[in-house]
Amino acid sequence: MKLAALYIRVSTDKQRDEKTHQTQLDELRIRVQADSNLLSPEHEYIDDGWSGGLLERPALDRLRQDARQHKFEILYAYDRGRLSRIFVHQEVVIEELARYGVEFVSLHDINGTSPEERVMGGVMGLFHEYERIKTAERFRLAKLSKVRNGNLLGYQGPYGYDYIPVEGKGLDKVNGRFVINEAESEVVVMIFDWFCGGCSIRQIRKRLLELEIPPRKQKQETWTTGPIRRLLSNQTYIGRHFYNKSESIIPLNPKAKPNESKYRNKHTTKTSRKARPREEWLEVEVPAIITPVVFAKAQELLKQNIKFSPRNNKRNSYLLNGLVFCTCGQTRTGDPGSGHTYYRCIDRMSRFPQTRKCFSGSVNSAILDGVVWKKVEALLSDPERISKHAEKWLKDQEQRANSEQAESTRALLEKLRTEEERYARAYGTGIMSEEVYVERMRTLIQRRNTLKKKAEKEAQERTETVVISVSELTRETATLLKKLDFSDKKAILRRVVERIEVDQKEATICGQIPLTQEQKVGLNAEPWHRRPAERR
């Protein structure tokens, strides 16, 4: 009798509704009982609603951890595809179980110990991956075929529309379609009218709040800029709805939130999207809410907003953008004013159109940039710090050179030792005469002594010839810092400064000078007093 465990995975809500996992569970329990093994409830691992394309699943991770702690001796699964739909992942898990002494039993695959049986089991594992790819491709082609025939697929329509699913069967079948939601469509018309009438998106957000019109999903109390901008550029509102505009992809730079579970997405790792080529879009006719004339005017205004946005004015350059924080904890972003540029707290923007909480004043960007760079420049050109950094760098270089030389010398000495043993064996067996042996050994000893003396001399020469003038290095560093352009300064600050907390009187700079990995540097910039009104 062995301690048994079982693993179950179902990937879709439909499978869960049809109780597919219960069918697997019953069949596995019967097999465990037939094999006279002992199964406890805590060793039933079930991943409900998880894709086989993901290896990181809660129950599977717990199973692998328990296997590592030898909590069971044999694992049962419905088939290899339950572990993963990807063949390489199957092999990783099965090999890991074998390493911990856990036997894997698949109810619907070939289990065996001979090379032939293992190969056949692997072939069946490959078919699980092939089945996943073919199933996904069949679904994709079926969806495209339906859309090409003028059908809408079952998904939530844009704001202003309701989706009506397929009704009836056979000759009485009515395809899925969008119908206009009267209440929401009135809001869509108002938004277009406001925007074409000269309202900014911020003003539209404020009006929607005043009229107590929430967004559809209501994840937030108020409308945000993104949904309104997408609404204004959505061609569905003029009766031209497009399918297959984008595709899911794995994000190149995933932004994981702090304390966020790694099991964030059950169904896929492709949490980002990429636009498809325009020729791959499929158009479906839907009821129009906005006239083409109004829509065209809105698109022209959106282009003008992008063209004349202060954010696109290259004359406004902020050296510390992204590094400056307000005392309230939120970031400060670069913002142009009347003839000057400032770092302003984003509270007034992030909470708009609601009442702001932070009323900290703006900070002149030219003044703050100058003060921070002056402090960082002084640190980087400090003679004592440069001296320590130079000593550390030279010491590392010397250790590396000595290590490489020692390894080379050791290899040559090992070669001489092998040669010495070969001579000794030849002399001992009578193949080499005593005169020849003595001469060869004398030559070998001379070569060994010469090699040791050469290595010692080279090490001494490296120590004697490495001479550096700290005063010269400091002078060159200061000269170089004075010649840096804006982009070079910005790149240095990104590496040295972590954050700058600032109000109108004082700035606290936190950063790290890369002398060692552990050394942290905290700076307090000199307080500055308010400038005249024209400089704020």
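What follows draws every value from the coordinates through simple rules; no lab data is involved. This one's a predicted model, so the numbers in the text were calculated from it and none came from an experiment. Cβ: placed from backbone, ideal geometry, glycine included. Neighbour counts: every protein chain shown.
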| query | How large is ³J(HN,Hα), in whole Hz, for each residue of the stretch 317-331 in order, when computed from phi with the Karplus curve 6.51 cos²θ - 1.76 cosθ + 1.60 and θ = phi - 60°, using x for Gly and Pro? | reply | 10, 10, 5, 10, 4, x, 10, 8, 10, 7, 5, 7, x, 8, 6
| Summing +1 for each Lys or Arg and -1 for each Asp or Glu, what net charge is found among the other residues whose Cβ lies under 9 Å from the Cβ of VAL102? | -2
| note | With 0.36 nm assigned to each residue of separation and the Cα-Cα distance removed, GLU456 to LYS505 gains 11.6 nm
| said: What FRET efficiency comes out for LEU302 versus LYS374 if R0 is 35 angstrom and r is the Cβ-Cβ distance? Round to the nearest 0.05. | reply: 0.25
| field | Cross-link pairs LYS482/LYS505; LYS146/LYS274; LYS206/LYS357; LYS169/LYS245; LYS245/LYS274; LYS245/LYS303 - those with Cα-Cα distance over 19 Å | value | LYS482/LYS505; LYS146/LYS274; LYS169/LYS245; LYS245/LYS303
